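S.K.: This is the structure I want to talk about, given as structure tokens.
The values are calculated or read from the model by the stated rules, or taken from the named source; none is laboratory data. Computed from a predicted model, the values in this text were never measured in an experiment. Please note: Cβ atoms are built from the backbone with ideal geometry, for glycine as well, and neighbour counts cover all protein chains shown.
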Amino acid sequence: QSKTVSMLASVNAAVINSLDDNEIVDNVLREVMHVLPHSDAGVFRLFDEDSGYLIPVSYDGLPDDYKDYRLQLNESVSGEVFTTGRPSIHNGRQNIIDAHRVMRPENQSFMERSQISNALLCVPVMAEGKRLGTLTTLCFSRDGAFSVFDRQVLESLAAQVAIAYQRSLVYQNALATSDRLEAMRSDLARKNAELDRAVQLHDTLLRIF
């Protein structure tokens, strides 16, 4: 546990200190597997307000078509964790299967043809009380299991990720606002230059006539 806490304290700056939301998304699962080395796979989902789905924005150790495994609120483990804001641990294949009791037919079909892990841990990703998504890690080892300590570690990492991601969005919005203001300033400068030329032309014509 001491080693795990030490690793958690030195989480890669590419995740925690980055102001690039894409960089955070791309690196978060590498950090999860670094801090919880018995994790064999993982998925980071973000909630898309437009579609109402939890979308897997990055995943590791899972098939390529996992990108299509989108969840509604309350659906499957991640949907329930996102809705309630409470983490969830399931050890044992049957427990995991039972936990997926609420599923749309297409997702049920996807799960039936997928490899079921032997342990699953899912925590909400929240910043300032706002739920952004979920962070899930899986273990396929026959005797694999996640503990309450693992849950606490993943919750801590998810909290750091949430803050970093929220900060990156604020930064990106600030950049976009700055770009809009610069575009407005440039447009105003162009119009002023055109007005100056028009005034100069008017003065020239007055002197001629």
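S.K.: Counting residues that are surrounded by fewer than 20 Cβ atoms within 10 Å (Cβ to Cβ), which helices (runs of 4 or more DSSP H) fully inside segment 71-166 reach at least 3?
M.R.: It comes to 93-99, 105-112.
S.K.: Would you mind finding the one in LEU132, LEU54, LEU120, LEU73 that is more than 18 Å from LEU29 (Cα to Cα) and either at pLDDT below 90 or touching a helix residue (DSSP H, G or I) at 6+ places or on another chain (Cβ under 8 Å) (or both)?
M.R.: Exactly one residue qualifies, and that residue is LEU73.
Results for (1) closer than 19 Å to HIS34 by Cβ; (2) among the acidic types (Asp, Glu), shown as yes or no for each residue.
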site: LEU62; (1), (2): yes, no
site: GLU75; (1), (2): no, yes
site: MET103; (1), (2): no, no
site: PHE110; (1), (2): no, no
site: ALA119; (1), (2): yes, no
site: GLN152; (1), (2): yes, no
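S.K.: Assess whether VAL170 counts as being under 20 Å from the mean Cα position of the chain (by Cα) and within 18 Å of HIS34 (Cβ to Cβ).
M.R.: So VAL170 does not fit the description; no.
S.K.: Spot the failing condition for SER156; the list is (1) farther than 26 Å from ASP50 by Cα; (2) free of Cβ contacts under 8 Å to residues at least 60 places away in the same chain; (3) of a type in the set (Ser, Thr, Tyr), and only one is missed.
M.R.: The number of the failed condition is (2).
S.K.: Considering only residues that are of a type in the set (Val, Ile, Thr) and touching a Leu at 6+ places or on another chain (Cβ under 8 Å), look in segment 113-154 and name the one that is nearest to LEU73 (Cα to Cα).
M.R.: The residue in question is THR134.
S.K.: Suppose the filter is modelled with pLDDT under 80 and farther than 26 Å from GLY52 by Cα; does ASP143 pass it?
M.R.: No: the conditions fail for ASP143.
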